[in-house]
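The values are calculated or read from the model by the stated rules, or taken from the named source; none is laboratory data. These numbers were taken from a predicted model, which means no experiment stands behind them. All Cβ positions, even for glycine, are placed from backbone atoms using ideal geometry, and neighbour counts span all protein chains on display.
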Amino acid sequence: MSEHQRGGEEGGAHTPVGTRRTFFGWVTKVAAGLIGLGLVIPLAGYVISPALKRRARPWVDVGSLADVPPGDPKQLDHVTTIQDGYLKSQSQKAVWAVKQPDGQVRVFSPMCTHLGCGYRWDGEERQFKCPCHGSVFDIEGKVVAGPAPRPLDLLPSKIENGRLLVVFKEFKPGTREVVEL
Amino acid sequence: MRIYQWLDSRLNLKPVERTLLDEPIPGGASWIYVFGSATLFLFLLQAVTGMFLAVYYAPTPDHAYDSIQFIEEQVTFGAFVRGLHHWGASAMVVAIGLHMLQAFLYGAYKPPREMMWMVGVVLFLIVMAFAFTGYLLPWDQTAYWATQIGLNMVGTVPVVGEFLMRVMRGGEVLGALTLSRFFAVHVLFLPALLIGLIAAHLFILRRVGPAGPWTDERASLGSETFYPRQVYMDAVVMLVVFAVISSLALLVPFPLTDKADPSDTSFVPVPEWYFLFYYELLKYVHGPLEPLATWVLPMLVVLGMLFWPFIDRNPVRNPIKRPAALAAGAVFLVVVFSLLGISLKNLYAVPRVDPAIAKGRALFYQFGCVGCHRIHGEGGAIGPDLSFVGDKRPDREWHLKHFKDPQSVSPGSFMPKFPLTDPQLNELTSYMLSLKKTP
């Protein structure tokens with residue numbers, strides 16, 4: 001019992017002193033630290049990871065190319081399945097498709113670049129008109145009148161086997177530059 | 001250290017520190033005393049992992065299964081956290097078993113420590129209640145049918161059984177109300193109860209002190225302070241326990257079975273291993289004797305454990321001088337472990353399915369084979385029916401060649417070539433060969 005010392009305070013209980021005491025304290029701290037690290041890292045990843053995941057934006061078939069008449073904009077339904085954690089839901093959006101003389105198609109986001117209202121096509125005046133604050137765009141999407149700060153936003157689109165595929169995106173309204181949300 | 005001094009000068013922490021760390025351990029620190037701390041550590045681990053599982057879990061029948069699948073497959077470290085909780089539960093049962101065994105062998109339940117033992121038995125029962133309620137939460141087939149059986153057993157208790165079963169189930173059938181009340185009990189009621197009783201268990205420990213060695217000579221060596229040597233032993237054991245559970249969580253996946261289907265009565269659930277001995281016992285008792293096994297015997301065992309300090313009135317703690325008590329304990333352990341052994345043997349005697357077959361089956365659906373080929377009524381009718389293809393074409397080489405290039409062995413076939421890797425080729429072939437009239 002040479003390395004033990006009689007501690008006076010607890011009714012004469014032994015307690016290791018010196019390097020032995022330091023060693024036990026040190027091992028205890030290392031064990032606690034390892035367990036702590038083994039938990040903190042996975043648990044942090046566990047909580048953070050879904051928060052940082054970007055929503056996948058898939059190509060969606062919005063209809064046949066033949067459905068879009070040359071020269072006239074056509075509103076097409078864009079239906080996607082949205083994965084919200086473990087829930088699945090359908091999201092329905094409408095996009096504007098304009099067939100170009102060369103057969104390609106330009107697809108506009110359905111939201112006015114001013115404050116995000118839905119605009120419509122005026123077939124007689126051949127202009128897109130936003131009912132909220134009177135922004136007007138031509139068939140190319142360029143601003144003709146009103147407070148809209150930039151042309152209509154283009155959505156990525158492609159044609160495969162005669163079908164029109166579109167990726168839906170949202171953009172920040174009210175800015176000169178195009179900022180994807 | 002500075003912060004500690006700052007706090008100490010205001011809160012007078014030194015006496016608290018002394019009370020916590022200088023607790024005298026009769027006969028000195030020992031590796032045999034670590035099981036209580038290990039159990040407490042495992043409880044804390046269960047509490048922490050449980051809280052994190054609750055971040056994504058949804059306790060309703062239409063979302064519970066999907067939310068756990070989401071944790072398993074989509075959340076970073078999700079399978080690890082769920083694995084820790086799953087294996088932690090098993091480890092907790094082991095730790096409690098060893099802790100009780102140590103207390104029993106050392107006669108630590110004898111006066112003045114009867115209350116500590118009794119609170120301990122209640123803690124053990126609460127942990128079993130945790131296991132039972134937690135098992136239902138994933139809402140898969142195993143969960144659903146195991147709980148169904150557990151509830152039916154409660155129903156066999158005379159007079160009050162039917163009523164009790166309905167209250168536990170929350171209604172006529174096992175469903176949404178059952179799941180939400182099991183969830184509430186598992187994550188709110190039981191933890192509150194358990195924390196309270198752990199506090200009582202530790203309070204009694206500090207009031208009466210640890211039992212220490214059973215012989216007076218060893219005890220007369222004098223006592224040693226709890227810190228640093230016993231704390232060091234406890235910490236090392238906790239680290240080892242954590243390493244084992246983490247390894248199991250990482251290496252042994254614990255997949256869900258199919259989503260709970262109340263209409264599929266063909267599913268045979270197997271309980272967790274710590275309930276297996278009891279599951280085996282129930283197989284031997286039928287007819288009018290059944291209630292004996294479903295509730296009379298368990299109740300007697302629980303009451304016997306609870307009041308053990310008053311049944312065994314021999315004041316001697318040395319196990320050598322307590323043959324009757326030790327024999328009783330040994331008989332109990334032999335019965336439990338024999339039943340567990342028989343049950344495990346029976347379970348593993350069931351012909352195991354080659355994992356390649358299950359993988360091949362998954363590939364069959366993944367590559368859309370089912371679109372053209374029919375197996376037992378399911379699938380398209382464009383290609384040949386494959387229900388018994390293992391009888392028709394038992395040659396492995398033929399299948400391997402055929403999947404690589406269908407036209408090479410079956411001229412004129414319009415089956416497309418699929419981009420299969422070599423392991424996939426083998427798995428799909430194993431699945432084809434398993435499709436026989438007699439397995």
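Looking at segment B:257-266, is at least one residue out of contact with any Cys (no Cβ under 6 Å at 6 or more places or on another chain) and modelled with pLDDT of 90 or more? Checked against the condition, which is being out of contact with any Cys (no Cβ under 6 Å at 6 or more places or on another chain) and modelled with pLDDT of 90 or more, segment B:257-266 yields at least one hit. Report, by residue number, each residue of segment B:34-81 that is β-branched (Val, Ile, Thr) and either surrounded by fewer than 20 Cβ atoms within 10 Å (Cβ to Cβ) or closer than 30 Å to B:PHE226 by Cβ (or both). Matches in segment B:34-81: B:VAL34, B:THR39, B:VAL48, B:THR49, B:VAL55, B:THR60, B:THR76.
On inspection, B:MET415 passes the criterion of being touching a helix residue (DSSP H, G or I) at 6+ places or on another chain (Cβ under 7 Å), assigned to a loop (DSSP other than H, G, I, E, B) and modelled with pLDDT of 85 or more. Checked against (1) modelled with pLDDT under 95; (2) within 12 Å of chain A (Cβ to nearest Cβ); (3) surrounded by fewer than 18 Cβ atoms within 10 Å (Cβ to Cβ), B:MET1 meets all criteria but (2). Candidates are the residues of segment B:15-34 that are part of a loop (DSSP other than H, G, I, E, B) and not hydrophobic (A, V, I, L, M, F, W, C); the one that is nearest to the other protein chains (Cβ to nearest Cβ) is B:ASP22. Counting only residues that are within 19 Å of the chain's Cα centre (by Cα) and not in a helix (DSSP H, G or I), segment B:261-291 holds 5 of them. Here segment A:113-139 is the region considered, the condition is being part of a loop (DSSP other than H, G, I, E, B) and free of Cβ contacts under 8 Å to residues at least 12 places away in the same chain, and the residue that is surrounded by the fewest Cβ atoms within 10 Å (Cβ to Cβ) is A:GLU124. Which residues, taken from segment B:104-114, are assigned to a helix (DSSP H, G or I) and either surrounded by fewer than 21 Cβ atoms within 10 Å (Cβ to Cβ) or of a type in the set (Lys, Arg) (or both)? The answer is B:LEU105, B:GLU114.
Scanning segment B:205-237 for residues that are acidic (Asp, Glu) and facing another protein chain (nearest Cβ under 9 Å), we see that the one that is farthest from A:LEU34 (Cα to Cα) is B:GLU224.
Taken together, B:LEU425, B:LEU433, B:LEU386 contain a single residue that is in contact with a Pro (Cβ under 8 Å, 6 or more places away or on another chain) and at pLDDT 80 or above, which is B:LEU433.
When segment A:31-81 is examined, which residues are found to be β-branched (Val, Ile, Thr), in contact (Cβ under 8 Å) with a residue 40 or more places away in the chain and in contact with a Ser or Thr (Cβ under 8 Å, 6 or more places away or on another chain)? Result: A:VAL60, A:THR80. With the requirement that a residue be polar (S, T, N, Q), more than 8 Å from chain A (Cβ to nearest Cβ) and assigned to a helix (DSSP H, G or I), what does segment B:55-103 give you? B:SER90, B:GLN102 - these are the residues of segment B:55-103 that are polar (S, T, N, Q), more than 8 Å from chain A (Cβ to nearest Cβ) and assigned to a helix (DSSP H, G or I). Number of residues in segment B:238-279 that are in contact (Cβ under 8 Å) with a residue 40 or more places away in the chain, within 13 Å of B:GLY83 (Cβ to Cβ) and within 13 Å of chain A (Cβ to nearest Cβ): the value is 7.
Considering the conditions (1) farther than 25 Å from A:TRP121 by Cα; (2) polar (S, T, N, Q); (3) surrounded by 15 or more Cβ atoms within 10 Å (Cβ to Cβ), A:THR80 is excluded by exactly one of them, (1). Scanning segment B:370-406 for residues that are more than 12 Å from B:LEU433 (Cβ to Cβ), out of contact with any Lys or Arg (no Cβ under 8 Å at 6 or more places or on another chain) and free of Cβ contacts under 8 Å to residues at least 24 places away in the same chain gives B:VAL370, B:GLY371, B:HIS373, B:ARG374, B:HIS376, B:GLY377, B:GLU378, B:GLY379, B:ILE382, B:PRO384, B:LYS401, B:HIS402.
Please work out if B:VAL244 is in the same structural domain as B:VAL173 (by TED's automatic domain parsing), modelled with pLDDT of 85 or more and more than 30 Å from B:SER30 (Cβ to Cβ). When the stated conditions are applied, B:VAL244 does not pass them.
Residues checked against (1) over 30 Å from B:LEU282 (Cα atoms); (2) modelled with pLDDT under 90; (3) under 31 Å from the mean Cα position of the chain (by Cα):
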| position | (1), (2), (3) |
| --- | --- |
| B:LEU333 | no, no, yes |
| B:SER338 | no, no, yes |
| B:PRO355 | yes, yes, yes |
| B:PHE364 | yes, yes, no |
| B:CYS369 | yes, yes, no |
| B:ARG374 | yes, yes, no |
| B:LYS392 | yes, yes, no |
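Each residue in segment A:141-171 was checked for being charged (D, E, K, R), surrounded by fewer than 17 Cβ atoms within 10 Å (Cβ to Cβ) and either assigned to a strand (DSSP E or B) or touching a residue at least 12 places away in the same chain (Cβ under 8 Å) (or both), and 5 pass.
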